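This report refers to the structure that appears directly beneath it.
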Amino acid sequence: MRQQLVDSIRKHGIKDETVLNAINKVPRHLFMDSGFIDHAYVDKAFPIAADQTISQPYTVAFQTELLQVKSGHKVLEIGTGSGYQCAVLIELGTKVYSIERQQQLFKKTSKFLPKIGYRAKKLIFGDGYKGLPEEAPFDSIIVTAGAPFVPKPLLSQLKVGGRLVIPVGDDVQTMTLFIRKGPKEFEKHEFGKFRFVPLLEDKN
Ligand code: SAH
């Protein structure tokens, strides 16, 4: 079933075989609530705890492809959620730091990921708008919730040559890639439209 999912994502336009290979390895069914397990290998987003969603596999692949990570890269994820995207990044050999603002999800995923053998460098309960200055700079940063604007700290926490992939917009988001070209120079590229749960500012 996972192989079929990968084939459908490939048909949908994802070309990076290392990314497809990582998706092929992560047991997505373990990341879903039991009521949705039958849908684990359907290319759709699904509800997880705390009114959040596990992203659609195609979207995970799309964002991961844009990151162009290499083994050993230091990556920051904003929006740990179920931990699925985090596991895909770990499969690619990266050192992942991931921030989640919902305590319930943070606790659940912090226990769950190591249990199935995925060890992030650090899972953090906090506000992703601030990034993680104490661990910066990062080779890449991925935001997995819809951001109403691009948080400045995320741009400033990129290495020169580093990449930020962030869906920007309110109801519908434009997938946006920033590449840091120099201390103050950024290149911006825009891709298609996506729909994410919102990147929220204050904690519950
Ligand atoms: N990457 C996740 C997708 C989760 S959906 C996965 O693979 O399952 C987006 C997540 O972003 C939600 O869990 C939500 O709680 C979280 N989030 C929203 N605003 C945030 C913020 N300011 N800081 C950190 N996480 C945030």
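The values are calculated or read from the model by the stated rules, or taken from the named source; none is laboratory data. It should be emphasised that the depicted structure is a prediction, and the values quoted were computed from it without experimental measurement. Glycine also receives a Cβ, built like all others from the backbone with ideal geometry; neighbour counts cover every protein chain displayed. Surface accessibility is based on the protein's heavy atoms, side chains included, excluding ligands, DNA and RNA. Shrake-Rupley method; radii C 1.70, N 1.55, O 1.52, S 1.80 Å.
Remark: pairs (first residue in segment 82-102, farther than 22 Å from LYS44 by Cα; second residue part of a helix (DSSP H, G or I) and near the ligand (Cβ under 6 Å from one of its atoms); Cβ separation under 6 Å; 6+ apart in sequence or on different chains) = ILE99/GLY128.
Counting the residues of segment 159-179 that are open to solvent by 30 Å² or more (accessible area, probe 1.4 Å), over 21 Å from GLN52 (Cα atoms) and not aliphatic (A, V, I, L, M) gives 3.
Looking only at strands (runs of 3 or more DSSP E) that fall completely inside segment 59-142, which ones have 3 or more residues that are under 11 Å from the mean Cα position of the chain (by Cα), crowded, with 20+ Cβ neighbours inside 10 Å and modelled with pLDDT under 95?
Details: elements: 74-78, 95-100, 122-125.
No strands (runs of 3 or more DSSP E) qualify here.
With respect to the stated conditions, VAL172 fails to be within 14 Å of the ligand (Cβ to nearest atom) and touching a strand residue (DSSP E or B) at 6+ places or on another chain (Cβ under 6 Å). Among the residues in segment 146-158, are any free of Cβ contacts under 8 Å to residues at least 40 places away in the same chain, assigned to a helix (DSSP H, G or I) and either open to solvent by less than 20 Å² (accessible area, probe 1.4 Å) or of a type in the set (S, T, N, Q) (or both)? The answer is yes; a qualifying residue exists.
Tell me which residues, restricted to segment 159-204, are part of a strand (DSSP E or B) and hydrophobic (A, V, I, L, M, F, W, C). Break it down stepwise before answering.
Start the filter on segment 159-204 by keeping residues that are part of a strand (DSSP E or B), which leaves 159-168, 173-180, 186-194, 198.
Scanning segment 159-204 gives VAL160, LEU164, VAL165, ILE166, VAL168, MET175, LEU177, PHE178, ILE179, PHE186, PHE191, PHE194.
Considering segment 28-50, the residues that are surrounded by fewer than 15 Cβ atoms within 10 Å (Cβ to Cβ) and aliphatic (A, V, I, L, M) include one that is farthest from GLN104 (Cα to Cα), namely ILE37. All of PHE186, PHE138, PHE106, PHE196 fail the test of being of a type in the set (Phe, Trp, Tyr), closer than 16 Å to ILE78 by Cα and without any contact (Cβ under 8 Å) to a residue 40 or more places away in the chain, apart from PHE106. Of all positions in segment 41-59, none carries a residue that is charged (D, E, K, R), more than 10 Å from the ligand (Cβ to nearest atom) and farther than 23 Å from PRO198 by Cβ.
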